Amino acid sequence: MKFIALTILTAGLLAGCGPSPGNSVPKIAERPDATITIDGKHHTCVVALLKEAQGSAVPCGDVVPFLRDELRLQAGSVYDIRTVPDIDDKELASLGANLKGAGYRFIGGRGDPFIIEHKD
């Protein structure tokens, strides 16, 4: 009987452990519905659903219509961003505005993907 009470007490105490909400930005999802890889060198975006091994290369300006019409992702779907170096700042900002305007949501947890940090 004491063992069961001790087990319940320990489980209750451990449930309160972990990072506090104020220490990190929470993710809105564990897995994105789609991943967008921005290839700055080739000025294209590769868009892939979570279940796809390879995505489709589309012009970055056509990502939103591709997500909506070809992949049939509705507004509110979650995406993640990956980048290949030499990204054009204007192209990146335009993509971010288009995705947000269409109602797609960045997965979160790592900050805003459309704030570019240049490292020399």
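The values are calculated or read from the model by the stated rules, or taken from the named source; none is laboratory data. Treat the numbers as computed from the prediction; the structure is a model and nothing was measured. Here the Cβ is made from the backbone with ideal geometry for all residues, glycine too, and neighbour counts use every protein chain on show. Areas reflect the complete protein model, heavy atoms only, side chains present, ligands, DNA and RNA absent. Shrake-Rupley method; radii C 1.70, N 1.55, O 1.52, S 1.80 Å.
Summary of computed values
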read-out: Failed item in (1) at pLDDT 50 or above; (2) outside any helix (DSSP H, G or I); (3) open to solvent by 40 Å² or more (accessible area, probe 1.4 Å), with Pro65 passing the rest; value: (2)
read-out: Of the criteria (1) assigned to a loop (DSSP other than H, G, I, E, B); (2) touching a helix residue (DSSP H, G or I) at 6+ places or on another chain (Cβ under 9 Å), which one Thr83 fails; value: (1)
read-out: In segment 76-97, the residues that are surrounded by 12 or more Cβ atoms within 10 Å (Cβ to Cβ) and within 21 Å of Leu50 (Cβ to Cβ); value: Ser77, Val78, Tyr79, Asp80, Ile81, Arg82, Thr83, Val84, Leu95, Gly96
read-out: Some residue of segment 41-60 being in a helix (DSSP H, G or I) and out of contact with any Asp or Glu (no Cβ under 8 Å at 6 or more places or on another chain); value: no
